[in-house]
Amino acid sequence: MSIDFAKRNAAQAALKYLVPGEILGVGTGSTVNYFIEGLAARKADVPGAVSSSEASRARLKAAGIPVVDLNSAGTLALYVDGADECDAHLRLIKGGGGALTREKIVAAASRTFVCIVDESKRVQVLGKFPLPVEVLPMARSYVARELVRRGGRPTLREGFTTDNGNVILDVSGFTITDPVALETEINLMAGVVCVGLFARRPADVLLVGNSTGVREYKR
Ligand code: 5RP
């Protein structure tokens, strides 16, 4: 219950970053769902949103917010999304909801990335949460072997297909002391579509909610 208050507090705090009249990017997950609720009350300021997933697209539409294709939106002023883990440098593990690829694209296309989390997501070193890797289906076994060679323990996310028609390997066993290097290395494996490390493009602002309020961190 208190984790819900924490997520809601972080989501509410992100509303102050809205740029009235500008299309924004919206991520995926239970914390973002609270943000979408908040957006519904600010509709006059929001001409449209680019969604990072089909799930958020449906929620935005239900909230009466027009969903816009990224190709016609140009650079976005703001992207708001959650995370599965975050460190002191605002580097993230994302993809618990399986939307990592579109999330990384929208984050890359945005000037300011505001990440909203509850305090359970903060860690000293990334890697306790299994690292999601989106992979083309035919490359699943090859990429799994490559990840094992580098010390990971990949598990196929059973019964799950991404919005892009791919599969996810959730990789345990990494202690991620150099997130930029690992992100680069996994990205370069043939068949990998995207790795859920957001270190090359970390968040710009981190809003950490707890049951009574929110703390803000900036890069
Ligand atoms: C989805 C994500 C989410 O942002 C992440 O899983 C956090 O979700 P939640 O807000 O439900 O804890 O990366 O792909």
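The values are calculated or read from the model by the stated rules, or taken from the named source; none is laboratory data. On a predicted model such as this, the values are computed, not experimentally measured, just so you know. Glycine gets a Cβ as well: all are built from the backbone with ideal geometry, and neighbour counts include every protein chain shown. Note: accessible area is taken over every heavy atom of the protein model, side chains too, but ligands, DNA and RNA are not part of it. Shrake-Rupley method; radii C 1.70, N 1.55, O 1.52, S 1.80 Å.
Points to keep in mind about this one:
- Of the residues making up region 149-168, at least one is open to solvent by 10 Å² or more (accessible area, probe 1.4 Å) and assigned to a helix (DSSP H, G or I).
- Unmet requirement for Ile36, which otherwise passes all of (1) in contact with a helix residue (DSSP H, G or I) (Cβ under 6 Å, 6 or more places away or on another chain); (2) surrounded by 24 or more Cβ atoms within 10 Å (Cβ to Cβ); (3) not hydroxyl-bearing (Ser, Thr, Tyr): (2)
- Selection status of Val19, closer than 20 Å to Arg201 by Cα, away from the ligand (no atom under 14 Å from the Cβ) and either more than 15 Å from the chain's Cα centre (by Cα) or without any contact (Cβ under 8 Å) to a residue 60 or more places away in the chain (or both): no
- Against the test of being assigned to a strand (DSSP E or B), open to solvent by 20 Å² or more (accessible area, probe 1.4 Å) and in the same structural domain as Val19 (by TED's automatic domain parsing), the options Arg59, Arg111 yield a single qualifying residue, Arg111.
- Which numbered condition His89 fails, given (1) near the ligand (Cβ under 9 Å from one of its atoms); (2) part of a loop (DSSP other than H, G, I, E, B): (1)
- Exclusive hit being β-branched (Val, Ile, Thr) and within 16 Å of the ligand (Cβ to nearest atom), set Val80, Val67, Val46: Val80
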